[in-house]
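One structure is given here, and the rest of the page talks about it.
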Amino acid sequence: MLPMKKFSRFRRALLVNGLLAPAMGAVSLGTRAQSAAPVLHGSDLTHAALLRDTALAARLPFELMASLVNEVGPRAAGTPGDAKAVQWAVANLTRLGFSNVRAEPVPLVAWQRGATSGAVTGTNGRELVVTGLGNTVGTPEAGIEAEVVYYADFMALRGDTSDRARGRIVFIDEKITRTRDGSGYSRGILSRISGAVEASRRGALAVAIRSLGTDADRIAHTGALRYDPQVASIPAVAVSVPDADWIAERAGKGEPLRMRLLMARTSRIQAMSNNVIAEIPGTDLAGEIVLIGAHLDSWDITPGAQDDAAGVGIVTAAAHAILNGKQKPRRTIRVVLFANEENGFDGAHAYAARYKDTPHQLVGESDFGAGRIWRIRSRVREAALPAITAMADLLRPLGIAAEGNEGSAGPDAAVLMRTNNWPAIDLTQDGTNYFDIHHTVADTIDKVNPGDMAQNAAAWATVAWIAAQADVAFGPIAPRR
Ligand SMILES: [Zn+2]
């Protein structure tokens, strides 16, 4: 329970500023006692509400997202599209008036796919809609043709101690469920990441997986796989969901199926990309950083409107609202657009190493599409919880609920959090429809709602501002056990 008498002083500050409706119940953020010392001044809370409402009315997040998609398009790390994205980011962050705009080099290995096709052969065969998984090797020039061996999911493959995959093409029919928080995807992801290794261990020639998608369209979803140097690297593709259903139906009837896969040589080369950084310099605590980020790269086959041009638009617009506000932040607000989130987190690792000695008050990332935010979760020192409560109160009118202090952060930010024990915020977006288009050609602008993006930017502006102003250090946090 909260020490109500002391806590009410804090609530009164919010009430005075019109930020907390008198009818509201006590802020629920776990059951631990919270510090009574006011960690924010009334003027900071008033200003936060102003920033929130200003950002909520802006079209900038959508405009930036559309600009990155239309003017750059696909931007896989290390490719010319990626270099163009870096230029785009530097130009736009400069144009918007940020300080210290810079591109910091990130060395990486760039993977490039070859042309890919697949089919079930024979009298009742058909061409399949397939895409190579990220990092896959190609097939021999003549392709690979072999009998298909069906597994209902990844665990069925991993549990198989028989010899039936030997000399065949493994098909994994792992289905993912539609969920708001993306947990369905998380549960299915091993089929993509480790399917090739498990199939190869059993002597398979190649692996085809059901796309990790919740759609029913004839589009294939790519995404990274991992090889094990101890095991032969075999080609890996994803087939579209309707094609997977068709294969499953035939396999279920016991029909023998032969599949042919053809994938031109893929390559892995040393390349360079950049993290793009922009700042709003702080005042009395300028040496401490409030980081809000997104990733600049996309997969090669997609314009990446939601993954992650949306995040780029959201955090940039959030910071822009603060930049244009009448008050200057105490801490430095830093927008970081990370390199190569999709295939190795190289940008996050480079950033974590480069800035390990710079205090970070907060790290957060927007990288789960363009749906509305419905939840805030923190991972901060206990002493900082009153500031999180203040955030939660400000976010409630946006339809966002607080859920504890065991949160993590978006993928790159999670790398930073784990590496340097920096405190983190997760603003969870509604991902109900995200995996319909994730890592596909269909991740396009038309599926993005400008109002939803503005709600995101409003939330991030609020969070970043409160983190910048609070009279309490959010970190460092204890390492996760
Ligand atoms: Zn992403």
Exercise. For the residues H438, H41, H320, what sequence is obtained by ranking on other C-beta atoms within 10 Å, fewest first?
Worked result: H41, H320, H438
Seminar exercise, completed: For the chain, using Cα atoms only, the Rg and Dmax in Å read 24.0, 79
For this session: Determine how many Å³ per residue the convex hull of the Cα atoms of the stretch 114-265 encloses.
Result: 104 Å³
Exercise. Per residue of the chain, what 222 nm ellipticity follows from adding -39500 (n - 2.57) for every DSSP H run with n ≥ 4, rounded to the nearest 500?
Worked result: -10000 deg cm²/dmol
Exercise. With charges only on Cβ, +1 for K and R and -1 for D and E, what is the dipole size of the chain about its Cα centre, in debye, rounded to 20?
Worked result: 1180 debye
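Below 8 Å, C-alpha to C-alpha, sequence gap of six or more: please give me the relative contact order for the stretch 114-265 in percent.
Numbers: 357 pairs, mean separation 57.4, N = 152.
About 38 percent, as a whole number.
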For this session: Select from L262, N456, I234 the residue farthest towards the positive end of the dipole of the chain; place +1 on Cβ of Lys and Arg, -1 on Cβ of Asp and Glu, and compute about the Cα centre.
Result: N456
Exercise. Normalised by the number of residues in the chain, what is the relative contact order in percent for Cα pairs under 8 Å and 6+ residues apart?
Worked result: 22 percent
For this session: Just the number, please: percent antiparallel of the DSSP beta bridges in the chain, rounded to the nearest 5.
Result: 55 percent
For this session: In whole angstrom, note down how far apart the Cα centers of the stretch 302-365 and the stretch 162-216 are.
Result: 32 Å
For this session: Take each uninterrupted DSSP H stretch in the chain, measure its Cα extent along the helix axis, and return the ones at 24 Å or beyond whose mean Kyte-Doolittle hydropathy is at least 0.0.
Result: 450-469
Exercise. Roughly how many Å is it from the Cα centre of the stretch 244-300 to that of the stretch 80-156, as a whole number?
Worked result: 7 Å
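Using alpha carbon coordinates only, what is the Rg to Rh ratio of the stretch 358-481, with Rh defined as the Kirkwood radius? Can you show the working numbers first?
Working: Rg = 14.8 Å, Rh = 14.9 Å.
Over the Cα atoms of the stretch 358-481, Rg/Rh equals 0.99.
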Exercise. Which GluC sites (Glu not before Pro) does the stretch 101-188 hold that lie in a coil by DSSP with at most 16 other beta carbons within 10 Å?
Worked result: E141
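Rounded to the nearest 5, what % of the DSSP beta bridges within the stretch 363-462 are antiparallel ones?
Values: 6 of 9 bridges.
Looking only at bridges with both residues in the stretch 363-462, the antiparallel portion is about 65 percent.
Using the Cα centre as the reference, give the magnitude of the dipole from point charges on the C-beta atoms of the stretch 114-265 (Lys, Arg: +1; Asp, Glu: -1; all else neutral), rounded to the nearest 20 debye. All intermediate terms of the calculation are to be shown ahead of the outcome.
Numbers: 20 positive and 18 negative charges, 35 e Å.
I would put it at about 160 debye.
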For this session: Work out how far the C-alpha atoms of the stretch 268-390 reach from end to end along every principal axis, then list the three figures in whole Å, largest first.
Result: 46, 34, 31
Exercise. If you look at just the Cα atoms of the stretch 72-173, how large are its Rg and its Dmax in Å?
Worked result: 21.3, 64
Problem set entry | Distance between modelled label sites at N124 and D53, nm, 7 Å Cα→Cβ extension | 6.6 nm
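Highest mean first, what order results for 403-415, 209-221, 456-468, 246-258 on Cβ atoms within 10 Å?
My ranking of the peptides, most packed first, is 456-468, 209-221, 403-415, 246-258.
Read-outs: derived from the displayed coordinates by stated rules, not from any lab. Quick caveat, the model's predicted, so the values are computed rather than measured. Don't worry about glycine lacking a Cβ; one is built from the backbone with ideal geometry, like all the others, and counts go over all protein chains shown.
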